[in-house]
1. Among the residues of region 163-207, which ones are of a type in the set (A, V, I, L, M) and over 25 Å from Leu124 (Cα atoms)?
2. So which residues in region 119-135 are in contact (Cβ under 8 Å) with a residue 60 or more places away in the chain, outside any loop (DSSP other than H, G, I, E, B) and not hydroxyl-bearing (Ser, Thr, Tyr), if there are any at all?
3. Find the residue count for region 139-162, including only residues that are touching a Gly at 6+ places or on another chain (Cβ under 9 Å) and within 20 Å of Asn105 (Cβ to Cβ).
4. Working only within region 114-149, note down all residues that are assigned by TED's automatic domain parsing to the domain that holds Ile97, surrounded by fewer than 16 Cβ atoms within 10 Å (Cβ to Cβ) and polar (S, T, N, Q).
5. Would you point out which residue out of Gln76, Gln54, Gln26 is modelled with pLDDT under 95 and closer than 30 Å to Gln208 by Cα?
6. Given the residues Gly180, Gly152, which is the only one that is touching a residue at least 24 places away in the same chain (Cβ under 8 Å), out of contact with any helix residue (DSSP H, G or I) (no Cβ under 7 Å at 6 or more places or on another chain) and outside the structural domain of Ala30 (by TED's automatic domain parsing)?
7. With the condition being of a type outside the set (Phe, Trp, Tyr), on the phi < 0 side of the Ramachandran plot and within 20 Å of the chain's Cα centre (by Cα), I'd like the strands (runs of 3 or more DSSP E) fully within region 14-118 carrying at least 3 qualifying residues.
8. Return the residue satisfying two criteria in turn: it lies in region 178-203 and is of a type in the set (Ser, Thr, Tyr) and in a strand (DSSP E or B), and of such residues it is surrounded by the most Cβ atoms within 10 Å (Cβ to Cβ).
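The values are calculated or read from the model by the stated rules, or taken from the named source; none is laboratory data. Computed from a predicted structure; not experimentally measured. Glycine also receives a Cβ, built like all others from the backbone with ideal geometry; neighbour counts cover every protein chain displayed.
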Amino acid sequence: MELLLLVCLCLLSCSGDARVRVVVEQDSDAVLPCSPNPKVDLTGQVFDWKKDGQKEVFFYDSGIHSNKGHTGQDKQFWERVEHFQDQLKNGDASIKINNTKMADNGIYSCIFPRLQSQTFDIELVVGAAPEPYIKILAETKHWRLLQCEAHGDPLPTVEWKDSDNNTLPAEKPHISERGGRSYVTVKITVTKTDNYSCVATQETLSHQVAANTSVLLAGE
């Protein structure tokens, strides 16, 4: 699944420092960025990643780390977290969490105990909606019945738009459950040749994604 990464640098933490926000689709990978200020070679340094101030996500100490000789990593993150070894010399302590789940939502702290205990908070939000799926249900030379399906957590609102970005009247959204996920389906009947977009929006995540389709009606 394509990695979706949305970083917002202007969220404020309790201490007043800028907090990074990373928004990804469920089951995709998430890169949590972190570097000390100023940047230094981290090859012989220590950095510690924790979730919600408690769970150990990843620990590094001069070449010994959670995937090589260090114990204590929380079971939630076993064999799912990796760092970027070749970037340590550039001061990069970022990690990648593979195959993210809803349980991974939370605040992650990147701590440098030997560098004035510098701490940086990153908010990980899992559940961004992927691109909606458009399907043709029926058609004649005068009209076409289109269906758009989307999912995400929270469940997105779905709208149909024309090429001028006008919101079009459509059928009432239908909510269904499948494979442990909620889906929203919206149908529309179009009667003119145009390019149409199905737009899925999650306002609480500041996330929007769209799928497009072209309709050519021979009866016009």
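1. Leu168, Ala170, Ile175, Val186, Ile188, Val190
2. Hits for region 119-135 are Phe120, Asp121, Ile122, Glu123, Leu124, Val125, Val126, Ile134.
3. Final tally of qualifying residues: 3.
4. Gln116, Ser117, Gln118
5. When all the criteria are applied, what remains is Gln26.
6. Only one candidate passes the filter, namely Gly152.
7. It comes to 18-24, 30-32, 81-83, 95-97, 106-112.
8. Residue satisfying both the conditions and the ranking: Tyr196.
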